[in-house]
Amino acid sequence: MTPSEGARAGTGRELEMLDSLLALGGLVLLRDSVEWEGRSLLKALVKKSALCGEQVHILGCEVSEEEFREGFDSDINNRLVYHDFFRDPLNWSKTEEAFPGGPLGALRAMCKRTDPVPVTIALDSLSWLLLRLPCTTLCQVLHAVSHQDSCPGDSSSVGKVSVLGLLHEELHGPGPVGALSSLAQTEVTLGGTMGQASAHILCRRPRQRPTDQTQWFSILPDFSLDLQEGPSVESQPYSDPHIPPVDPTTHLTFNLHLSKKEREARDSLILPFQFSSEKQQALLRPRPGQATSHIFYEPDAYDDLDQEDPDDDLDI
Amino acid sequence: MAAVATCGSVAASTGSAVATASKSNVTSFQRRGPRASVTNDSGPRLVSIAGTRPSVRNGQLLVSTGLPALDQLLGGGLAVGTVLLIEEDKYNIYSPLLFKYFLAEGIVNGHTLLVASAKEDPANILQELPAPLLDDKCKKEFDEDVYNHKTPESNIKMKIAWRYQLLPKMEIGPVSSSRFGHYYDASKRMPQELIEASNWHGFFLPEKISSTLKVEPCSLTPGYTKLLQFIQNIIYEEGFDGSNPQKKQRNILRIGIQNLGSPLWGDDICCAENGGNSHSLTKFLYVLRGLLRTSLSACIITMPTHLIQNKAIIARVTTLSDVVVGLESFIGSERETNPLYKDYHGLIHIRQIPRLNNLICDESDVKDLAFKLKRKLFTIEWVQDNYLRQERNIYPPGFSYLLKQKDSAWGEGSLQHSTFLMSFLAKATAFASRLVRHSEPLKQNGSGRIRQAAGPRLWHDGRRQEAPGLLGIPP
């Protein structure tokens with residue numbers, strides 16, 4: 001059984017994650033950090049797209065070609081088109097390189113291709129490019145490369161383009177990272193706990209709500225993916241026990257609930273400012289016992305006649 | 001390759017048709033003087049431009065933004081010659097909708113469009129405009145749609161706070177005579193023949209710019225320079241500023257600029273905090289405002305302000321624009337689980353309304369506006385629990401909790417509610433009047449656990465605050 005058949009016969013779940021990352025096309029941003037490195041995931045994606053028959057271009061800037069090709073078998077290695085910018089990044093040896101403009105020239109050349117084969121471009125790494133090129137230029141070129149196939153009219157002529165960019169989050173401020181993630185169709189943030197790596201995948205389809213999911217995985221030595229369940233819940237030290245919602249009305253000193261009779265009485269209550277006809281009649285009728293009630297009041301020493309003026313300052 | 005994608009014929013000008021119809025008029029009175037022998041086109045004295053109306057407050061000429069609810073919030077519409085800035089939401093889902101409504105309104109009214117984008121081809125943007133709803137059978141669909149979503153709690157009559165029920169409701173369905181604002185069906189596309197019959201100009205940045213231009217410091221980025229030149233050319237050639245005497249009816253130019261300030265325009269304010277071109281965007285807005293004020297045009301700009309690193313630039317941009325509307329969607333934020341917002345997709349903030357030829361602006365006093373995108377319709381409403389939230393600003397928070405309980409003995413109309421309210425408000429007014437007279441609060445003579453006459457500190461240091469509880473926190 002050839003390795004390609006073996007890969008295609010892999011578990012459905014394994015294929016799902018890589019497929020979903022590659023299916024949308026456009027810019028796929030892999031954000032990694034020192035603790036959770038992303039190059040192995042990048043290589044897994046490269047291997048997957050090579051096995052699917054796509055044309056794979058690698059722009060190697062950060063590691064040498066031997067190190068990148070390590071772990072791939074010869075079948076895949078033959079399918080990769082590797083552009084090496086690691087050995088001679090400033091082109092001092094002045095040899096006849098295929099892309100004289102450096103990595104930017106290589107990307108721009110890829111904007112202008114016309115064949116219908118789907119292409120995957122792996123940038124190893126996008127951080128290297130971001131540190132050496134102006135961010136706006138890089139964004140413009142990435143957008144041009146990853147959106148060649150978005151015209152509705154001639155979608156059949158140019159194949160789908162996926163650009164996989166490896167971005168080291170700690171090297172950049174929030175500005176460039178925010179700008180790149182607003183351009184990206186899919187964003188994978190690598191993290192994990194206690195030895196298990198997780199990928200938080202955020203898919204931004206145009207004009208639809210972004211969907212996100214977290215997937216626990218590990219990468220096998222031959223760069224195939226092994227999906228796993230998350231770490232067990234009991235091992236987390238700070239899981240709070242399920243507290244039932246407290247009903248605050250249980251221990252009050254006053255009554256909050258109304259019985260049916262009380263509710264009826266409340267509904268039928270006439271409010272003081274509601275002017276009904278009975279009230280009008282009551283006010284118009286002359287009051288019977290007006291002369292009989294008197295109020296006798298003697299103010300004592302502490303009584304405040306003017307409650308608004310406690311110091312008795314006002315000279316009214 | 002044609003640099004400017006201009007589309008075919010001008011919309012059939014109805015001006016002259018109307019003039020001829022009115023010539024065969026019912027009255028036999030003839031106007032004496034030089035106007036008696038005048039031709040058809042200059043018959044009516046006041047030329048009114050299709051799709052505009054004067055504001056009822058100050059006579060300013062207004063155009064519709066495409067959403068009648070937003071028009072109502074802005075005081076009738078967007079004034080001709082001004083800029084509407086939309087601060088995009090985080091995942092840029094809802095701001096393109098407002099952008100498209102604006103352009104669709106232009107097509108329906110026969111205005112000229114100018115669409116500028118660095119991300120998408122303007123022709124593609126125009127293909128995705130929503131279809132207008134122009135006849136009455138759609139009104140019935142809308143009414144059903146609206147009533148299906150009414151919750152039963154909204155029908156509780158309020159006995160004490162009955163004035164809250166008199167608050168004006170926002171219009172969400174089509175009105176009968178909508179010559180000014182139209183309604184659109186977001187699930188359908190605008191028919192192709194309407195798009196082709198309209199006059200539009202597109203500016204797609206990757207086609208216009210060559211990549212190896214050197215940028216001088218402190219000047220506009222080349223993308224912005226080209227865009228300004230393009231706009232100026234269109235305004236001059238088509239006579240929107242009155243320079244060429246127009247043979248046809250005067251019209252409005254609607255300009256739409258998408259994602260201004262993003263790195264795709266070559267501007268690095270989203271990437272770096274103190275970039276070299278930090279004044280480029282503000283200069284662009286300044287020049288754009290000058291162009292707009294001298295021509296019959298209105299502009300909508302969407303800007304990803306959540307990406308801008310230097311907050312001072314956002315403040316400058318807000319000052320340089322006229323109307324600023326911010327969209328905040330609930331996706332991914334903790335407000336998504338808040339039951340107060342469960343029916344809505346986001347909040348809409350009206351951050352600024354211009355004072356055009358006025359000393360005061362027409363700001364509505366409603367602060368809690370939320371939007372939701374139903375399948376067909378984009379609606380803007382007040383958040384439903386507005387009543388209780390306003391109540392909480394008067395009462396202490398513990399009390400409004402008691403009010404919210406179903407069948408509570410403290411509900412409206414109960415004796416407990418009324419006496420509590422009266423004593424609470426009496427204490428509040430005494431406290432406030434004491435503050436006014438002596439400018440110092442009441443001396444705390446007790447143990448300190450209960451603050452003496454704790455009134456609602458509503459206007460502490462000039463800003464309205466939440467009412468504190470009755471039990472003060474011990475120091």
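Here are some notes:
- Pairing chain A with chain B buries about 3100 Å² of accessible area. This figure sums both sides and uses a 1.4 Å probe.
- Here A:L51 sits with roughly 20 square angstrom of accessible surface, probe radius 1.4 Å.
- Over segment A:156-195, volume per residue of the alpha carbon convex hull, in Å³: 114 Å³
- Overall, the anisotropy analysis places segment B:247-348 in the oblate class: the square-rooted eigenvalues a ≥ b ≥ c of its C-alpha gyration tensor yield a/c not less than 1.5, with a/b not exceeding b/c.
- For segment B:301-371, the set of GluC sites (Glu not before Pro) satisfying both a DSSP loop assignment and a count of at most 14 other C-beta atoms within 10 Å is given as B:E363.
- Those residues of segment B:297-337 whose amide nitrogen sits under 20 Å from the label point placed on A:R209, 7 Å along Cα→Cβ: B:327-337
- Between B:D343 and A:D84, the simple label model (points 7 Å from Cα in the Cβ direction) yields a spacing of 6.6 nm.
- Per-residue surface analysis assigns A:K112 an accessible area of about 150 Å², computed on protein heavy atoms at 1.4 Å probe radius.
- Efficiency of FRET from Cβ geometry, A:D304 and A:L283, R₀ 25 Å, rounded to 0.05: 0.15
- Of the GluC sites (Glu not before Pro) found in segment A:28-60, the ones in coil according to DSSP and having at most 13 other Cβ atoms within 10 Å of their Cβ are A:E35.
- Over 27 Å apart at the Cα level, from the set A:K43/A:K160; A:K260/B:K372; A:K279/B:K427; A:K47/A:K160, are A:K260/B:K372; A:K279/B:K427.
- Pairs from the list B:K119/B:K226; A:K112/B:K208; B:K226/B:K311; B:K100/B:K188 with a Cα-Cα gap above 21 Å: B:K226/B:K311.
- Label-point separation, A:H251 to A:E170 (7 Å along Cα→Cβ), nm: 4.9 nm
- Drop in accessible area of at least 50 Å² in the complex versus isolated chain, residues of segment B:284-312, 1.4 Å probe: B:L307
The values are calculated or read from the model by the stated rules, or taken from the named source; none is laboratory data. Because the structure is a prediction, the values reported are computed rather than measured. Note that each Cβ is placed from the backbone with ideal geometry, even for glycine, and that neighbours are counted across all protein chains shown. To get the accessible areas, we keep the full protein, side chains included, count just its heavy atoms, and leave off ligands, DNA and RNA. Shrake-Rupley method; radii C 1.70, N 1.55, O 1.52, S 1.80 Å.
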